[in-house]
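Asks: Structure in structure tokens, see below.
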Amino acid sequence: TKYSTDEGLVQSQVMCMVQDNRGYLWLGTHRGVDRFDGQKFKHFGIQEGLAGNFVADIVEDGERTFWIATDNGLSLFDGLKFKNFGSEEGFSENTIECLAMDPNGYLWLGTQSKGLMAFDREERMVKDLDLPGRLVNQGITALTWDSQGQLWIGTRSGLWMRDKRGEFHKVSHPKLPA
């Protein structure tokens, strides 16, 4: 089955999606977030409190809340209302491209041009990171944790890895760009 704006999707270009533990499908678009229950769409945009309309990534935490990466900061949605985060919480940039949750309470944020940030979900502030110079002003495009507790960081110029000790390493391989 194909779903489009004819069936209620707010915008046809879907950037990301996640299925929550209740079965809803959450879709990030260029005009906000749509929640799909299998039959109809419910829209959430800046009018409902979302930080920005361009949604690049969505993750659900263990508390049934959603963290949403937008072009104007980070939004937390608890099912009822949005709480937005940005420069007041120490963000170096508000255009968030990707997210990854770690088991220690941090939400890792990849930005469009200012590198990586670690957001403490309890304190609601960005943690200072000792980033290597070549990673500071990078556009981060993808983040994921592996089973050994290492954070993999996709950038516009290659792949990096943050090991369990917190050290960053450029991943070198003959088939990866330098």
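Asks: I'd like the residue in region 103-115 that is open to solvent by less than 10 Å² (accessible area, probe 1.4 Å) and of a type outside the set (S, T, N, Q) and, out of all such residues, is farthest from I68 (Cα to Cα).
Replies: G115
Table: residues versus (1) in contact with a helix residue (DSSP H, G or I) (Cβ under 8 Å, 6 or more places away or on another chain); (2) free of Cβ contacts under 8 Å to residues at least 40 places away in the same chain; (3) assigned to a loop (DSSP other than H, G, I, E, B).
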position: I68; (1), (2), (3): no, no, no
position: F91; (1), (2), (3): no, yes, yes
position: K114; (1), (2), (3): yes, yes, yes
position: T141; (1), (2), (3): no, no, no
position: T144; (1), (2), (3): no, no, no
position: I153; (1), (2), (3): yes, no, no
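Asks: Right, another one. Of the residues W145, W67, which is within 30 Å of G8 (Cα to Cα), surrounded by 14 or more Cβ atoms within 10 Å (Cβ to Cβ) and in contact with a strand residue (DSSP E or B) (Cβ under 9 Å, 6 or more places away or on another chain)?
Replies: Only one candidate passes the filter, namely W67.
The values are calculated or read from the model by the stated rules, or taken from the named source; none is laboratory data. Worth saying up front: this structure is predicted, and the values here are computed from it rather than measured. Quick reminder, even Gly has a Cβ in these numbers, built from the backbone with ideal geometry, and neighbours come from all protein chains shown. Areas reflect the complete protein model, heavy atoms only, side chains present, ligands, DNA and RNA absent. Shrake-Rupley method; radii C 1.70, N 1.55, O 1.52, S 1.80 Å.
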